[in-house]
1. State which residue is modelled with the highest pLDDT when the search covers only the range 18-53 and only residues that are in a strand (DSSP E or B) and among the small types (Gly, Ala, Ser).
2. So, of the residues in the range 29-64 that are of a type in the set (Lys, Arg) and touching a residue at least 40 places away in the same chain (Cβ under 8 Å), which turns out to be least open to solvent (accessible area, probe 1.4 Å)?
3. Quick check on my filter: what residues within the range 65-115 are open to solvent by less than 40 Å² (accessible area, probe 1.4 Å), in a loop (DSSP other than H, G, I, E, B) and out of contact with any helix residue (DSSP H, G or I) (no Cβ under 8 Å at 6 or more places or on another chain)?
4. Assuming PRO57 fulfils every condition listed in (1) more than 15 Å from ARG6 (Cβ to Cβ); (2) at pLDDT 95 or above apart from one, which condition is it?
Amino acid sequence: MEVMERGDIANWTIPGKMVKGVGGAMDLVASAKNIMVAMMHTNPAGESKLLKQCTLPLTGTKCVKKIVTELAVIEITEKGFRLLERAPGVSTEEIIAKTGATLIAEGNIPEINFQ
């Protein structure tokens, strides 16, 4: 899965891999009003899955509103990704380094409070 900074999502198989297809994701992104994506921030090779431009075929365009990863909670805005919260022990600098697009990180970004 990949998410582009303007809210596009690519939720397809990776070419050459034995993985099932898109399933019902196209129906979900076509009809839902508020899409929040839960995903890993990077792929197994450590490359960002939050990108300026998706490399996989798009499932939906301008449909994602918020992303939750193991590192952060990120909102999609007109200006791109905006960091809302960060996981405990994860620095803003680490999240910026692991994001493949511009990440707006204004002020003191709070840690996620799990209580």
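1. If we filter the range 18-53 for residues that are in a strand (DSSP E or B), which is where we start, we get 35-38, 42, 48, 50-51.
Filter once more, keeping what is among the small types (Gly, Ala, Ser): 38, 48.
Numbers: ALA38: 92, SER48: 97.
Top of the filtered list is SER48.
2. Residues of the range 29-64 that are of a type in the set (Lys, Arg), as a first pass: 33, 49, 52, 62.
If we keep only those that are touching a residue at least 40 places away in the same chain (Cβ under 8 Å) as well, we get 49, 52, 62.
Details: LYS49: 37, LYS52: 106, LYS62: 133 Å².
Filtering first and then ranking leaves LYS49.
3. Within the range 65-115, THR69, ALA87, VAL90, THR99, ALA101, ILE112 meet the criteria.
4. Just one mismatch for PRO57, condition (2).
The values are calculated or read from the model by the stated rules, or taken from the named source; none is laboratory data. Bear in mind the structure is a predicted one, so any value in this text is a computation, not a measurement. Every residue, glycine as well, gets a Cβ built from its backbone with ideal geometry; the counts of neighbours run over all protein chains shown. The area values use the complete protein model at the heavy-atom level, side chains included, leaving out ligands, DNA and RNA. Shrake-Rupley method; radii C 1.70, N 1.55, O 1.52, S 1.80 Å.
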